[in-house]
Each structure stands twice: as structure tokens, then as C-alpha cells.
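Data first, discussion second: the structure below is written as C-alpha cells.
The values are calculated or read from the model by the stated rules, or taken from the named source; none is laboratory data. Quick caveat: nothing in here was measured; it's all calculated off a predicted structure. Glycine gets a Cβ as well: all are built from the backbone with ideal geometry, and neighbour counts include every protein chain shown.
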Amino acid sequence: MTDTKPILKADDLSKRYEDGVLAVDHLNLNIYPGEVYCLLGANGAGKTTTINLFLNFIPPTTGTCFINGIDVTKDPLEAKKYIAFVSENVMLYGNFTARQNLDFFAKLGGKTDLAKNDYYQVMRRVSLQEKAFDQRVKNFSKGMRQKLGIAIAVIKDAPGILLDEPTSGLDPKAATEFLEIMAELKKEGKAILMSTHDIFRAKEIGDRVGIMREGRLVMERTREELQHEDLNKIYIDYMKSAEAPAA
Amino acid sequence: MTWTIVRKEILANLLSYKFYVVILLAAVLVATSFFIMTRDYKERLADYSLIRPKPGEPIAVNPPNPLSIFAKGLDEAMARSFEVGPTGISVRAGQKSGNTVFAFFPTPDFLYIVRVVLSLVALLFGFDQVSREKEAGTLRQMLANQTSRSTILIGKWAGNFLSLAVPFLLVTTLGIAVLGLDPDIRFSSDQVLRLGLILALTLVYIAFFLSLGILISTLTRRASSSIVILLFIWALLVFILPNLGTLVARQVVDVPSVRALSEKREQVWTREILLRIKGQGDMPSHIRSISAENDALEADYRVKFDRLVNLSKNINRISPVASFVYAVTEIAGTGIGEEGAFKGEVVRYKNAVLGKRLASPDLKSSEYPAFLYRYRPLGRVLVRGALFDTAWLAAFGILFFALSYLAFVRYDVR
């Protein structure tokens, strides 16, 4: 794995907000092609801030984010060519149909020569019902919107994918379907960084799982290591130790 | 990439009920305005055909300007009847609007519709451009791609500008075409050109308010805050600031009242009559004296009045809306500058009539020259202020767009 170049790399990354809160504290992360990295942590642990830093929505206080070797701060537009993003609540244009949304975001992602069928193929691939293809998105359930969000990421065909709590609020069937698509993308060689609260699915899909607490990456385990350990227990122990008063 | 966003904005507008409500409103208002103002113009035209002087009568009357349908401005004042008497000019009512409701409400000409309604419509198109997308989360989705913030902003601006300008131009052009079918309304080629410039200026005006709307949208996090702030600014720009200049200028420049001026004229007239009764001087010299003194009084009044008007205009220009009104009325030939030029022409006509009358006392009333006012050439109108006002309006639009770019670059999209 380490012979190849990481698609997503955080190098000594820190972010302190104007109010003094240290959201990310010297984070080092390398995510390689064909790897799913699950970032666990309580609310406010720094997971979403990490994703925002990769997307250059906020500047880092120190350190650097690299996407496909490109410094995100120095050349954000070039770096974003190699990344796709699915947020917790995929919010699209409600008055547009699924295909119109897909068409718009595909074009923003640089895919300007796609035909109607290409869109339909991608939507079939993410298991969106056929009848929904030309329906307005404002009537979609959360699960359908998430699928469309993944379709946007899939159609961009970027080597890196950032997922911000993508299974949050999904019913078990939709979450399972989601994980199946992630497994396919992983097989295609995508480097995936997924922030989540879902320990069960993190263990199921993650090649590596990291736990963040107060901005720091306090634990990291590989899939192999987790076969002999109880991730649920590890996670709860870390959370409890955070709540315990300092000695 | 910019075109992708432009198309998205147009599509989003086409799919939104807000767009249809707004366009329908604009269409109804433009059609109503054209209907009312055409009736008004025709009534004044009918009045003109009744009061127009017979050949050789020493009366100066200007026919109503067909462009007053779009911007009435001072056309009613310019269309009064100026009768040259033995000692000066008597102003008569001339062609007056038959619609008494105009006395209670502003004249609903095209300029009014654009100034008040279209500005609000442009703000409605711009007020939530950034804040709504931030609230909806779509801004994050867009910026997660290789799309720069400047591309998004330009695309949004252009898409909304086209969404508003194209239907508005279509509705207005259709209305003008219908007007063109009316045999009573004749536009010269110069007036058609002027009309084209007024429409172009309207687009600059829309662009200004759209930029303002987008600017406030980039400075607020919620669309609801944005609309409240914009309504306040809109009222300030459209109603308050353009009237402020007149109030302030009146405190600074002392202009005698029309009544005082008329009393002074009467004093001159009485003095000369008394001198004549006493047997001092002949009648022509008294008439010359009355005319010269009246002209001097008028010139002095005009200098002070012009100073007041110029100061008011300059203060009013704090609001680019005032610049828009000045530019449109001047181009239409119903503005302050045109009215000044017209009055100068009436005074010249009076002097010509009096000169002729004094040179040949036996002249028949039907032998006086006819009054014909030629509107200032368009080039002169533009150089004398309309171009400056247009540039001023455009500069504000560009400034607001530049500021919205600066704000959007720093905008927290999370």
C-alpha cells in the first residue's frame, strides 16, 4: 500500500477557529488508492473540519492537505479535480429533476460530454429507482437524495472521495445499499475518507479506522487488527476517557 | 463553466413560480403604463390641435413629445402655450393631462414602473443568490468541484440578469410594437434611437439593483435577513435620497419665489406706464425697457434657479436612481436640460416677435414668425449629462459587483 502515492494526505494539519477552539490538532493522514478510511468520533471531534480543510472551505492554521499530491491551499481548483464529495444531507436543487441535478454537477466536475444514457446508467448503478430519474428532487426521501449524491460523486470519477457522515439518518436497507456502492468504488481504486458515527459500518467497510477526539487522532486500527478487537468497546473507552476528569 | 452556472440559474428561474409571478407583474404593469400614458398623450395631442397657433400668430406652443409616454418628465410644462404680448410672455395652461388622478399619484409612465417596480424585482432576483444556496447546502456541493467562486458569482449574476432582462425586453418591445401600430403615435428615427438608448439604460439599471441584491446576499447568512436589509436600502435609494437633495439645496441656495418675480415684473410695467403717462419717452422705448428688464429679471432668476437645480441634482446623485431618472428624461427630451433649452428658445422667440413689432408697428398679427422648437441633438444631450449619469449608474453597479466578489471570496460556505 505504502509504495503508491496517497490520494488524500493530511500533513501535520491543524485548525484553530477564531473563538480559540482547536478543531484539528496536528493530524497526519494518508489514504491510498483502493482504501477506505473511516474517521470516528463524537460531535465536535474534528471530523467535519478535516473534510472542510480538504475541500478548502476553511484555511488550515498549520499543516497542509494534499489531494493527489496537490496542495489544496495553493491550487484548490486543480486539487478539486481529483475529489468528489458527499455530505451528510445531500442538498440539491429541489425544482430540478434527478437527471438535471446530475447533469449540472457533472458539468461542474468537468464532465461536459455525457449523454442522457450515461446519467441513467449512473443512477441505475446507485440503485435509484427508474421512475425517480426524471422526478423533481424536492419529493425525494433522504435515502434517495443520498443515492443521487453518490451518483454525483460516481459520475465525476475522481480518484478521491470525501464522505461526511453519509449514512446518518438512512434506514438499514439504504445504508446497506450505500455500503455496497462504497465497496464497488473501493474496488475501482478510489481512495475514500468517510467521517461517521456508525461504528458497525465503519468496521464493515473501513480498511483503516481512526478515532478522533478533541481534534487529535487518538487511535488508528487496520481491518486486520480489528478482527481481533472490539471496535465498539475501543470507541466507548476512548470517549469515556475524554469525559473523565484530568488526574 | 460559467455558462453551466448561467444555464442552471436560468433553468432554476424558469422552474420557479416566483419567476412567473414577477414577469407577469412586470408585463401587466408595462402594458397598463403604455395604455394609460398613450391615452394621456393622445388627450394632450388633441389639446394641442385645438390650441396650436394659426399661421403668423405670436404664440409659442410645442406639441407633446411622443417619448413622454415612456418618461413624461417636464413635457407638460414644455407643452404650455406661451403667448407673446406687447411687453412680454403670458403663459397659458396649454395641453394638460385630462387624468386628474395623476394629481394624487405619480404618473405611471414606463420610467416610474422601471424605477420603482423593476428595481424591486431585480432585488427579488438577487437577494438570496448566495445566502439561499448556503442555507440549502448546494453552495458547498458546487464549491467541492473545480469551480472558482468568481465563476459562481459571475454565472449567478449573468443567469439572473438574462432571466430578468430578456422577458422584460420582450414584453416592452412587444408593447412598443403595438404602440407603433397606432396612427396617432409617430416616432421619428431619432426618437426610435432614443427609445433604444432608454431600454439600454434600463438594463444598466436592472444590473445595478441585481448587483446590489447579490452584494447583500453575500454579506448575510440568511435570505430573510438579506430581504429586510434590501427593502430598507431600496426605500432609501428610490424614495428618500432622490428627494433629499431638493430639501438640502433649498436651504443653501436662495431663489426668489415665482410670485416675487411676477410682482417685480408688475413694478417694472407700472413704472414704465407711469413714465409714459408723464410723457417721458415714446411707447417703443418703454416696451423695449420693460422687455429688457423682464429678461434681466428672468435671467437672474434662471441663474439662481439653475444653481438650485444643479445642487439638488448633484446631491440627489448620491442615489444612482436619481442619475437614472435624469439620464432617461434627458434622452427622452423631457428632462431639466431640455426644458431649460426650450425656455431659452421661447425667450428668443419673444425677442424676435417684439423686435419685429417695434420695427414695423403696422405689422398684422398674422405676419409673425412661427415658433418651432427643435430638440437638442442626441449627441449634445449625452455630452451634457446623460452620459455622465449613465456612467455613474454603471459605476455603482460595477462597484457593488466588485464588493460582492470580495465578500464572496471570504464567505464562509459551511
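When you scan the range A:15-74, how many residues do you find that are within 18 Å of the chain's Cα centre (by Cα) and of a type in the set (Asp, Glu)?
1
Here is a list: B:Ser285, B:Ser323, B:Ser289. Which entry is modelled with pLDDT of 85 or more, part of a helix (DSSP H, G or I) and of a type in the set (Gly, Ala, Ser)? Show your work before the answer.
Details: B:Ser285 fails: modelled with pLDDT of 85 or more; B:Ser289 fails: modelled with pLDDT of 85 or more.
Answer to the selection: B:Ser323.
Just one of the numbered conditions (1) surrounded by fewer than 16 Cβ atoms within 10 Å (Cβ to Cβ); (2) over 16 Å from B:Thr2 (Cα atoms) is not true of B:Leu162; which one?
Every condition holds for B:Leu162 apart from (2).
Name the residues in the range B:125-149 that are more than 7 Å from every other protein chain (Cβ to nearest Cβ), among the charged types (D, E, K, R) and in a helix (DSSP H, G or I), would you?
B:Arg132, B:Glu133, B:Lys134, B:Glu135, B:Arg149 - these are the residues of the range B:125-149 that are more than 7 Å from every other protein chain (Cβ to nearest Cβ), among the charged types (D, E, K, R) and in a helix (DSSP H, G or I).
Restricting the search to the range B:14-42, which residues are within 14 Å of another protein chain (Cβ to nearest Cβ) and charged (D, E, K, R)? Give the steps one after another, and end with the answer.
Initial filter on the range B:14-42 (within 14 Å of another protein chain (Cβ to nearest Cβ)): B:14-20.
Hit for the range B:14-42 is B:Lys18, nothing else.
From the list B:Arg276, B:Arg221, pick out the single residue that is touching a residue at least 40 places away in the same chain (Cβ under 8 Å) and of a type outside the set (Asp, Glu). Let's see the steps before the verdict.
Details: B:Arg276 fails: touching a residue at least 40 places away in the same chain (Cβ under 8 Å).
That would be B:Arg221, the only listed residue that is touching a residue at least 40 places away in the same chain (Cβ under 8 Å) and of a type outside the set (Asp, Glu).
Which one of these is outside any helix (DSSP H, G or I) and at pLDDT 90 or above: A:Gly34, A:Gly44?
A:Gly34
Tally up the residues in the range A:79-103 that are more than 25 Å from A:Pro33 (Cα to Cα) and part of a loop (DSSP other than H, G, I, E, B), please.
7
When both residues are 6+ apart or on different chains and their Cβ atoms are under 9 Å apart, which pairs have a first residue that lies in the range B:248-266 and is under 28 Å from B:Ile290 (Cβ atoms), and a second that is outside any helix (DSSP H, G or I) and at pLDDT below 85?
Partner pairs satisfying both residue conditions: B:Lys264/B:Pro256; B:Arg265/B:Thr87; B:Arg265/B:Gly88.
One residue is enough: does the range A:72-80 have a residue meeting the conditions over 27 Å from A:Ala174 (Cα atoms), more than 12 Å from every other protein chain (Cβ to nearest Cβ) and small (Gly, Ala, Ser)?
Among the residues of the range A:72-80, not one is over 27 Å from A:Ala174 (Cα atoms), more than 12 Å from every other protein chain (Cβ to nearest Cβ) and small (Gly, Ala, Ser), which makes the answer no.
Quick check on the range A:104-114: of everything there that is surrounded by 22 or more Cβ atoms within 10 Å (Cβ to Cβ), part of a helix (DSSP H, G or I) and of a type outside the set (Phe, Trp, Tyr), which residue is farthest from the other protein chains (Cβ to nearest Cβ)? Reasoning before the result, please.
If we filter the range A:104-114 for residues that are surrounded by 22 or more Cβ atoms within 10 Å (Cβ to Cβ), which is where we start, we get A:104-106, A:108-109.
Retained after the next criterion (residues that are part of a helix (DSSP H, G or I)): A:104-106, A:108.
Imposing the further condition that a residue be of a type outside the set (Phe, Trp, Tyr) reduces the set to A:106, A:108.
On the way: A:Ala106: 9, A:Leu108: 4 Å.
This residue is A:Ala106.
Run down B:Ser211, B:Ser189 and say which single residue is farther than 22 Å from B:Glu135 by Cβ and polar (S, T, N, Q). Break it down stepwise before answering.
Details: B:Ser211 fails: farther than 22 Å from B:Glu135 by Cβ.
After applying the criteria, what remains is B:Ser189.
A:Val36 - would you say it is under 20 Å from A:Lys15 (Cα atoms), touching a helix residue (DSSP H, G or I) at 6+ places or on another chain (Cβ under 7 Å) and either more than 12 Å from every other protein chain (Cβ to nearest Cβ) or without any contact (Cβ under 8 Å) to a residue 60 or more places away in the chain (or both)? If you could, list the steps in order and put the result at the bottom.
Details: under 20 Å from A:Lys15 (Cα atoms): no; touching a helix residue (DSSP H, G or I) at 6+ places or on another chain (Cβ under 7 Å): yes; either more than 12 Å from every other protein chain (Cβ to nearest Cβ) or without any contact (Cβ under 8 Å) to a residue 60 or more places away in the chain (or both): yes.
It is false that A:Val36 is under 20 Å from A:Lys15 (Cα atoms), touching a helix residue (DSSP H, G or I) at 6+ places or on another chain (Cβ under 7 Å) and either more than 12 Å from every other protein chain (Cβ to nearest Cβ) or without any contact (Cβ under 8 Å) to a residue 60 or more places away in the chain (or both).
Would it be correct to say that B:Lys18 is crowded, with 21+ Cβ neighbours inside 10 Å and either closer than 30 Å to A:Gln100 by Cβ or hydrophobic (A, V, I, L, M, F, W, C) (or both)?
On the way: crowded, with 21+ Cβ neighbours inside 10 Å: no; either closer than 30 Å to A:Gln100 by Cβ or hydrophobic (A, V, I, L, M, F, W, C) (or both): yes.
No.
Just to check your reading of the model, which residue among B:Thr329, B:Thr390, B:Thr334 is within 30 Å of B:Val116 (Cβ to Cβ), of a type in the set (S, T, N, Q) and not in a helix (DSSP H, G or I)? So that I can check it myself, show each step before the final result.
On the way: B:Thr329 fails: not in a helix (DSSP H, G or I); B:Thr390 fails: not in a helix (DSSP H, G or I).
Selected residue: B:Thr334, the only one of B:Thr329, B:Thr390, B:Thr334 that is within 30 Å of B:Val116 (Cβ to Cβ), of a type in the set (S, T, N, Q) and not in a helix (DSSP H, G or I).
Quick check: is even one residue across the range A:135-149 farther than 15 Å from A:Gly34 by Cα and touching a residue at least 60 places away in the same chain (Cβ under 8 Å)? Before you say what the answer is, go through the steps one by one.
Pass one, the range A:135-149, residues farther than 15 Å from A:Gly34 by Cα: A:135-149.
Pick out the ones that are also touching a residue at least 60 places away in the same chain (Cβ under 8 Å) and you get A:146, A:149.
Yes, because at least one residue in the range A:135-149 is farther than 15 Å from A:Gly34 by Cα and touching a residue at least 60 places away in the same chain (Cβ under 8 Å).
Within the range B:176-200, can you find the residues that are within 20 Å of B:Arg374 (Cβ to Cβ), without any contact (Cβ under 8 Å) to a residue 60 or more places away in the chain and in a loop (DSSP other than H, G, I, E, B)?
B:Ser188
Anything in the range B:400-414 that is in a helix (DSSP H, G or I), in contact (Cβ under 8 Å) with a residue 40 or more places away in the chain and either among the aliphatic types (A, V, I, L, M) or surrounded by fewer than 13 Cβ atoms within 10 Å (Cβ to Cβ) (or both)? List them, or say none. Give the steps one after another, and end with the answer.
Step one: list which residues in the range B:400-414 are in a helix (DSSP H, G or I), which gives B:400-409.
Among the residues that remain, those that are also in contact (Cβ under 8 Å) with a residue 40 or more places away in the chain are: B:400-401, B:403-405, B:407-409.
Correct list: B:Leu403, B:Ala407, B:Val409.
Do we have any residue at all in the range B:172-179 that's modelled with pLDDT of 90 or more, more than 22 Å from the chain's Cα centre (by Cα) and β-branched (Val, Ile, Thr)?
Scanning the range B:172-179 turns up at least one residue that is modelled with pLDDT of 90 or more, more than 22 Å from the chain's Cα centre (by Cα) and β-branched (Val, Ile, Thr).
Look at A:Gly143 and say whether it is assigned to a helix (DSSP H, G or I), farther than 19 Å from A:Leu193 by Cβ and modelled with pLDDT under 90.
Values: assigned to a helix (DSSP H, G or I): yes; farther than 19 Å from A:Leu193 by Cβ: yes; modelled with pLDDT under 90: yes.
The answer is yes for A:Gly143.
Scan B:Leu45, B:Leu11 and give me the residue that is surrounded by 14 or more Cβ atoms within 10 Å (Cβ to Cβ), facing chain A (nearest Cβ under 10 Å) and either without any contact (Cβ under 8 Å) to a residue 24 or more places away in the chain or more than 30 Å from A:Leu108 (Cα to Cα) (or both).
Working: B:Leu45 fails: facing chain A (nearest Cβ under 10 Å).
After applying the criteria, what remains is B:Leu11.
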